[in-house]
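First up is the structure itself, then whatever we jot down about it.
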Amino acid sequence: RAGVLGVQELDLLTDGVFDLIYSNLGALNCVPDLRLASGQCARLLRPGGQLVFSVTGRTCPWEFAYFSIRGDRSGARRRSSPDAVPVGLAGQTVWTTYFNPGEFFTRFSKEFRLTSYRSLALTLPPPYLIGIYRRLGPVGPLLDRFDSVFGRLPGLRNLGDHFLETCISTVVWI
């Protein structure tokens, strides 16, 4: 069984146990209480079930360079705030908190064990800079291959537009 549900609605699920919960595109960056979300995910996953999420990272070299070159110091530094910041998205304001992989996982560490993480869009520009990617021509696919390799390396995997974490539920039901 599969479904689409906001993390703030997980308490609506009262029946069923899941093997996998997946969150993509930084949706968890907008959740005010990740500890509560972690508990809800643990409640819904079978012991040993997986939690996989992509989260918008704190350090994106492409974004920093892009805004710095344009002279937009605020844009270049917006991910460095430890607090939620307003981000424009589709004509709306979305309050977003940026994380590095370790500080994000801390919110889930009571109920989950981190099994892997990697950077996404480390060597590639973030999706909103698709115009830059198109102008790169044949270099773009090469950067994509580099991303697959370098995004897994210690140190470098903490950088990039997003990071992908996979966790296993450590909760034992009695």
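Rule-based calculations on the coordinates, nothing more; no lab input. Treat the numbers as computed from the prediction; the structure is a model and nothing was measured. Cβ placement follows ideal geometry from the backbone for every residue including glycine, while neighbour counts extend to all protein chains displayed.
Val17 label point, 7 Å along Cα→Cβ, cut-off 17 Å on backbone N: hits in region 34-78?
Correct set: 40-51.
Compute the FRET efficiency between Lys110 and Asp144 as 1/(1 + (r/R0)^6), taking r as their Cβ-Cβ distance and R0 = 30 Å, and round to the nearest 0.05. Mind dumping the intermediate values first?
Details: r = 36 Å, r/R0 = 1.20.
For R0 = 30 Å, the calculated efficiency reads 0.25.
For region 33-40, just list the computed ³J(HN,Hα) in residue order, Karplus coefficients 6.51, -1.76 and 1.60, θ = phi - 60°, integers in Hz, with x standing in for Gly and Pro.
10, 5, 5, 5, 4, 4, x, 5
Report P(r) for region 59-144: all Cα-Cα distances, bin width 10 Å, range 0 to the bin holding the largest distance, values in whole percent.
Over region 59-144, the share of Cα pairs per 10 Å bin runs 15, 36, 34, 14, 1 percent.
Sequence gap at least 6, Cα distance under 8 Å: using those rules, report the relative contact order of the chain to the nearest whole percent. Before the final figure, lay out the partial values.
Values: 297 pairs, mean separation 50.7, N = 174.
RCO, the chain: 29 percent.
Can you give the Rg to Rh ratio for the chain, taking only C-alpha atoms and Rh from Kirkwood? Intermediate results must be reported in sequence, preceding the final value.
Working: Rg = 17.2 Å, Rh = 17.3 Å.
Ratio of gyration radius to Kirkwood radius: 1.00.
Out of all DSSP beta bridges in region 11-113, what portion is antiparallel? Express it as a percent rounded to 5. Let's see the in-between values first.
Working: 5 of 11 bridges.
Restricted to region 11-113, the bridges split so that about 45 percent are antiparallel.
Could you derive backbone 3J(HN,Hα) for region 70-77 from the dihedral phi with the Karplus parameters 6.51, -1.76 and 1.60 (θ = phi - 60°), listing whole Hz in sequence and x where the residue is Gly or Pro?
Rounded to whole hertz, the list is 7, x, 9, 5, 5, x, 5, 9.
Counting only helical runs of four or more DSSP H residues, what would the 222 nm mean residue ellipticity of the chain come to if each run contributes -39,500 (n - 2.57) and the total is spread over all its residues?
Numbers: 6 runs with 49 residues, N = 174.
Helix-only estimate at 222 nm: -7500 deg cm²/dmol.
Rounded to the nearest 5, what % of the DSSP beta bridges within the chain are antiparallel ones? Mind showing how you got there, number by number?
Details: 20 of 26 bridges.
Antiparallel bridges make up about 75 percent of those DSSP assigns within the chain.
Go through region 44-53 residue by residue and turn each phi into a ³J(HN,Hα) via Karplus (6.51, -1.76, 1.60, θ = phi - 60°); whole Hz please, and just put x for glycine and proline.
Along region 44-53, the couplings run 8, 8, 5, x, x, x, 9, 10, 10, 8 Hz.
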